[in-house]
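Next up is a structure, given as structure tokens.
The values are calculated or read from the model by the stated rules, or taken from the named source; none is laboratory data. Fair warning: this is a prediction, and the values are worked out from it, not measured in the lab. Cβ: placed from backbone, ideal geometry, glycine included. Neighbour counts: every protein chain shown.
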Amino acid sequence: MLAIQNLTKTYANGVRALDGVSLDIPRGMFGLLGPNGAGKSSLMRTLATLQEADSGTATFDDGNGGTLDVLRDKDAVRRQLGYLPQDFGVYPKVSALDLLEHFAVLKGLTDRKQRRETVDGLLRQVNLWDVRKRKLGGFSGGMRQRFGIAQALLGNPRLVIVDEPTAGLDPEERNRFLNLLAEIGENVAVILSTHIVEDVTDLCPNMAIMNKGKVLLTGRPADAIAALEGRVWRKQVAKDALPEYEKNYLLLSTRLVGGVPTINVLSDERPEDGFEPVVPGLGDVYFQRLRQHAKAA
């Protein structure tokens, strides 16, 4: 398990990216939800030993009965870590096979036979074996992301961090990639940092919601959704009436349906005539926490 306690990080421009972040992350898929600027990437970079925290602790079970200090034992952590950053670049004129071999050497796989077996196995696992000799510049976005996961899995990591991995993928590539992550999460801890609620709903037994450097909620998605049962209401309203509803109610979300605003409102009882109860989802939980945090700020 990865145990994070009171991590803080303030950048030189004064932005407090991490504000006392505490999380316990077990084996399996862990979803980290939040809008842009929530602090997700700052947390990922800190855990990936790419930047320093100002204060706090992060420890990780080393698999041998001991623990690693993520902030101090960086070399040891890197040997247990797989990381796919938000902007994963590749060499467009190099084949997938050659570049993965190169990454394997950098990871310490110096025995040629063992390295080839590892590389071949990973290319098959991420379903890139048939295109292994194709130059990466000809890969689709989803194929590049699957190659990114292959390099992240070199060395059999016990912690895998993926930062906004499905942004820009078409629905088919997104599903293929998420299924791959779910398979990986059966054996190791996988932190999925995203702003896409559906990715967390479908995949993650545990999650946290962040905003402006703070953890707003942590736990099981199903439990968070259940806490809103009977409290989410929906109604179509006139556009010019929206400000009044925003003033009088906790407005979770607004979307146009046939050109008419449809609002979701959080209330312990029917707000007024015309509102109908709806089955809540993780999106309602997400917006509830963001709205409440904004009001409290």
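Name the pairs whose Cβ atoms lie under 8 Å apart, with the first residue in segment 2-26 and under 12 Å from SER55 (Cβ atoms) and assigned by TED's automatic domain parsing to the domain that holds VAL160, the second in a loop (DSSP other than H, G, I, E, B) and among the polar types (S, T, N, Q), and 6 or more positions between them or separate chains?
Cβ pairs passing all conditions: LYS9/GLN51.
Sticking with this structure for a sec: Return the residue satisfying two criteria in turn: it lies in segment 147-180 and is over 25 Å from VAL94 (Cα atoms) and part of a helix (DSSP H, G or I), and of such residues it is nearest to the chain's Cα centre (by Cα).
Here the answer is LEU178.
If you don't mind, there's one more thing I want to ask. Only one of these is part of a strand (DSSP E or B), of a type in the set (S, T, N, Q) and touching a residue at least 40 places away in the same chain (Cβ under 8 Å): SER193, SER253. Name it.
SER193
If you go through segment 256-278, how many residues are in a strand (DSSP E or B), surrounded by fewer than 17 Cβ atoms within 10 Å (Cβ to Cβ) and among the hydrophobic types (A, V, I, L, M, F, W, C)?
Count: 3.
Can you give me the number of residues within segment 256-271 that are in contact (Cβ under 8 Å) with a residue 24 or more places away in the chain, under 16 Å from ARG231 (Cα atoms) and not hydrophobic (A, V, I, L, M, F, W, C)?
5
Could we say that THR110 is over 19 Å from ALA189 (Cβ atoms), surrounded by 13 or more Cβ atoms within 10 Å (Cβ to Cβ), out of contact with any Ser or Thr (no Cβ under 8 Å at 6 or more places or on another chain) and at pLDDT below 95 here?
So THR110 does not fit the description; no.
On to the next question. Which ones in segment 46-70 are within 20 Å of PRO26 (Cβ to Cβ), among the hydrophobic types (A, V, I, L, M, F, W, C) and at pLDDT 90 or above?
Hits for segment 46-70 are LEU47, ALA48, ALA58, VAL70.
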